[in-house]
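**Q** Quick one: the structure is below, and I'll ask about it shortly.
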Amino acid sequence: MRIVLWDVDGTLLLNSKKAGAFYHDAIREVAGVVPPPGEPHAVEHGKTDAQIITERLTRWGGDLAHFDAVSARMDELSDAYLTDAARREAAVGVPEALRAFADAGWTNGLLTGNSRHRARVKLEGAGVDVGAFDWTRSYFGDRFVRRSDLTSAARDELAEATAVILGDTPADGEAADAVGFPFLAVATGAYSVAELRETSARSVVPDLEQGLPSLLETLRAL
């Protein structure tokens with residue numbers, strides 16, 4: 001089996017400035033804590049939901065015993081991604097890339113910091129065909145504080161497969177490196193082509209539309 005494990009935010013979908021509000025609201029509603037006045041913006045690109053919730057609860061003086069309830073409330077709030085007010089936008093070239101990979105004999109799976117529910121509603125809201133992915137061979141970060149633990153879980157289940165990570169952050173690359181998965185990078189998130197070239201990525205492309213031939217060539221060589 002050959003499988004491409006796609007990241008969601010910044011890779012399949014364009015990032016949203018509103019995304020952090022769901023963490024804020026869920027933690028406030030469940031744990032009763034909020035960030036202190038003037039707290040600087042934390043860089044959270046490439047982090048899992050579990051890491052973001054844990055770090056925010058810790059910084060804001062919340063009780064980590066609320067973690068499960070905060071995570072569940074995040075799923076509930078994320079149903080808003082199905083509405084026009086919070087709907088996400090698919091990155092350019094997504095449908096074509098998914099079809100091309102499948103035609104080349106690769107399974108499309110997910111490896112994302114989102115929960116399964118949050119990934120699904122984000123993709124559905126953006127009009128991405130969720131049926132294009134093998135959800136039984138997809139991996140979700142709502143229970144993994146470290147992204148490398150998420151890729152470790154994928155490696156254990158895909159021991160006999162050729163698996164590749166496709167993402168938009170250095171964190172995706174580091175997590176791939178931790179388990180020996182090849183990394184492919186697309187600069188549709190917060191990091192530039194130049195920044196992503198400083199990672200271990202076998203191929204770095206500006207977007208899925210322009211970069212599809214390069215990505216397919218790299219996959220053929222694996």
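**Q** I need the phi-derived Karplus couplings for segment 78-87: 6.51 cos²θ - 1.76 cosθ + 1.60, θ = phi - 60°, integer Hz, Gly and Pro marked x.
**A** Working through the residues one at a time gives 6, 4, 4, 5, 8, 9, 4, 5, 10, 4 Hz.
**Q** Of Lys47, Lys17, Lys122, which has the largest mean-square fluctuation in a 10 Å C-alpha GNM of the chain?
**A** Judging by the Gaussian network model, the answer is Lys17.
**Q** Further question: Using the Karplus equation 6.51 cos²θ - 1.76 cosθ + 1.60 (θ = phi - 60°), what ³J(HN,Hα) coupling, rounded to whole Hz, does each residue of segment 190-203 give in order, writing x for Gly and Pro?
**A** Karplus-based 3J(HN,Hα) across segment 190-203 equals 8, 10, 7, 4, 4, 5, 6, 5, 7, 8, 7, 3, 6, 8 Hz.
**Q** A further question follows. For Ala126, which sequence-distant residues (separation of 5 or more, or a different chain) have an amide H within less than 5 Å of its own amide H, given hydrogens modelled in the peptide plane?
**A** Residues meeting the criterion, in which the H sits 1.01 Å from N, are Arg88.
**Q** Related question: Thr136 to Ala104: extension gain in nm, 0.36 nm per residue of separation minus the Cα-Cα distance?
**A** Result: 9.5 nm gained on full extension.
**Q** In the Gaussian network model of the chain, springs joining C-alpha atoms below 10 Å, which of Thr136, Thr11, Thr54 carries the largest mean-square fluctuation?
**A** Result for the chain, Cα springs under 10 Å: Thr136 fluctuates most.
**Q** Please report, in Å, the Rg and the Dmax of segment 132-222, where both are computed over Cα atoms only.
**A** 13.0, 35
**Q** A follow-up question, please. Given a Förster distance of 30 angstrom, what is the FRET efficiency for Val92 paired with Arg220, based on the Cβ-Cβ distance and rounded to 0.05?
**A** Between Val92 and Arg220 the formula returns 0.85.
**Q** Which whole-Hz ³J(HN,Hα) couplings does segment 65-76 yield from phi under the Karplus relation 6.51 cos²θ - 1.76 cosθ + 1.60, θ = phi - 60°, glycine and proline marked x?
**A** 3J(HN,Hα) across segment 65-76, in whole Hz: 5, 7, 3, 4, 5, 5, 4, 5, 5, 4, 4, 5.
**Q** Report the net charge of residues surrounding Val94, where surrounding means a beta-carbon distance below 11 angstrom and charges are Lys +1, Arg +1, Asp -1, Glu -1.
**A** -4
**Q** Okay, moving on. Whole Å is fine, so just give me how far the alpha carbon centre of segment 140-208 lies from that of segment 14-87.
**A** If we compute the Cα centre of each part, the gap is 23 Å.
**Q** Percent of Cα-Cα pairs more than 32 Å apart in the chain, please.
**A** When every Cα pair of the chain is considered, 15 percent fall beyond 32 Å.
**Q** Taking amide hydrogens as modeled 1.01 Å from N in the peptide plane, which residues meet the under 5 Å criterion relative to Ser203, leaving out close sequence neighbours?
**A** Ala185
**Q** Divide by every residue of the chain the summed helix terms, -39500 (n - 2.57) for each DSSP H run of at least 4, and state the resulting mean residue ellipticity at 222 nm, rounded to the nearest 500 deg cm²/dmol.
**A** -12500 deg cm²/dmol
**Q** Mind listing the long-range amide H neighbours of Thr162? Cut-off is under 5 Å, sequence gap 5 or more, other chains count too, H placed in the peptide plane at 1.01 Å from N.
**A** Long-range HN contacts for Thr162: Arg2, Ile3.
**Q** Mind telling me which of Asp177, Asp84, Asp168 comes out most flexible in a GNM of the chain, alpha-carbon contacts under 10 Å?
**A** Result: Asp84 has the largest fluctuation of those listed.
Rule-based calculations on the coordinates, nothing more; no lab input. What you see is a predicted model; the values in this text were computed from it and never measured. Don't worry about glycine lacking a Cβ; one is built from the backbone with ideal geometry, like all the others, and counts go over all protein chains shown.
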